[in-house]
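In what follows, a single structure is set out as C-alpha cells and then discussed.
The values are calculated or read from the model by the stated rules, or taken from the named source; none is laboratory data. Because the structure is predicted, anything quoted here is derived from the model rather than measured. Glycine also receives a Cβ, built like all others from the backbone with ideal geometry; neighbour counts cover every protein chain displayed.
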Amino acid sequence: MKLEAGTRGKKHNRTLIRWITAFHTFLYKITGGVIGGLFAGAPQMLLTTTGRKSGKRFTTPLLTLPDGPNLIVVASYGGQAEAPHWAKNLMANASGWVQIGPHHWEICAELANEELRARMWPVFCRYYPGYVQYQKLTDRKIPLLVLKPI
C-alpha cells in the first residue's frame, strides 16, 4: 500500500493534538462510544494500529462512514504533507482493530480505488467541510482507506 507524499501543509501543535486524541479516546472507551461516538452527525470509531517502528498499539478516533460491510476513513492529517501515523502503520501492517460504540472487531486495510474515492469523498466533505480545506493545504491527494472486517 502506498500513500503519496505532498509538499505543502502547516505544522500542527502535536502536543495539543496528542492530548485531545488521548482524551477523546479515553472518554470513548470508558463510555462505549456514548461520549465521542458522533462527530458532525457521522459515526466516530476508534482505530487501533500497530506501530511500524515500535510495535506498540496506538488508538486514534476517526470519523468513519460505512460502505456495505466495510468502513471508510480519511487519511487527511489536517492537510499535512504526509500521511497520518495511523495510515503509515496500516501501510506497513494492514491489520488493525476498530471499535464502534461497545463493539470491537479486527480489520484489514487497503487504499480505496478511484471509483470509491470519487463516490465517498463528497460525502465525507458534507459531514465535515474541513476536509475541503485540508485538501487545499496539501499537494497530495488525500486518500481514503477501506477497513474490511476479518
Cβ-Cβ under 8 Å pairs, at least 6 apart or on other chains, region 49-78 side among the aromatic types (Phe, Trp, Tyr), far side in a strand (DSSP E or B):
PHE58/THR48; PHE58/THR49; PHE58/THR50
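Here's the yes/no breakdown for (1) modelled with pLDDT of 95 or more; (2) not charged (D, E, K, R):
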position: ASN70; (1), (2): yes, yes
position: ALA75; (1), (2): yes, yes
position: GLN80; (1), (2): no, yes
position: LYS88; (1), (2): yes, no
position: MET91; (1), (2): no, yes
position: ALA94; (1), (2): yes, yes
If you scan region 32-58, which residues turn out to be in contact with a Leu (Cβ under 7 Å, 6 or more places away or on another chain), under 22 Å from GLY130 (Cα atoms) and in a strand (DSSP E or B)?
PHE39, ALA42, GLN44, MET45, LEU47
Quick one: in region 127-150, which of the residues that are assigned to a helix (DSSP H, G or I) and under 18 Å from MET45 (Cα atoms) is modelled with the highest pLDDT?
TYR131
Suppose we keep only residues that are in contact with a Gly (Cβ under 9 Å, 6 or more places away or on another chain) and not polar (S, T, N, Q) within region 69-82. Which one would you say is farthest from VAL132 (Cα to Cα)?
GLU82
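Out of all the residues in region 97-125, which are within 19 Å of GLY37 (Cβ to Cβ) and over 14 Å from the mean Cα position of the chain (by Cα)?
First, the residues of region 97-125 that are within 19 Å of GLY37 (Cβ to Cβ): 97-105, 107, 123-124.
Listed by number, the residues that qualify are GLY101, PRO102, HIS103, HIS104, TRP105, VAL123.
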Go through region 97-122 residue by residue and tally those that are within 14 Å of ASN70 (Cα to Cα), aromatic (Phe, Trp, Tyr) and surrounded by 14 or more Cβ atoms within 10 Å (Cβ to Cβ).
1
Which listed residue is touching a residue at least 40 places away in the same chain (Cβ under 8 Å), small (Gly, Ala, Ser) and more than 20 Å from ILE150 (Cβ to Cβ), from ALA83, ALA94, ALA109:
ALA83
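On the basis of being surrounded by 13 or more Cβ atoms within 10 Å (Cβ to Cβ), in a helix (DSSP H, G or I) and of a type in the set (A, V, I, L, M, F, W, C), does ALA87 make the cut?
Working: surrounded by 13 or more Cβ atoms within 10 Å (Cβ to Cβ): yes; in a helix (DSSP H, G or I): yes; of a type in the set (A, V, I, L, M, F, W, C): yes.
Yes: the conditions hold for ALA87.
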Members of region 21-56 that are at pLDDT below 90 and under 15 Å from HIS85 (Cβ atoms):
THR21
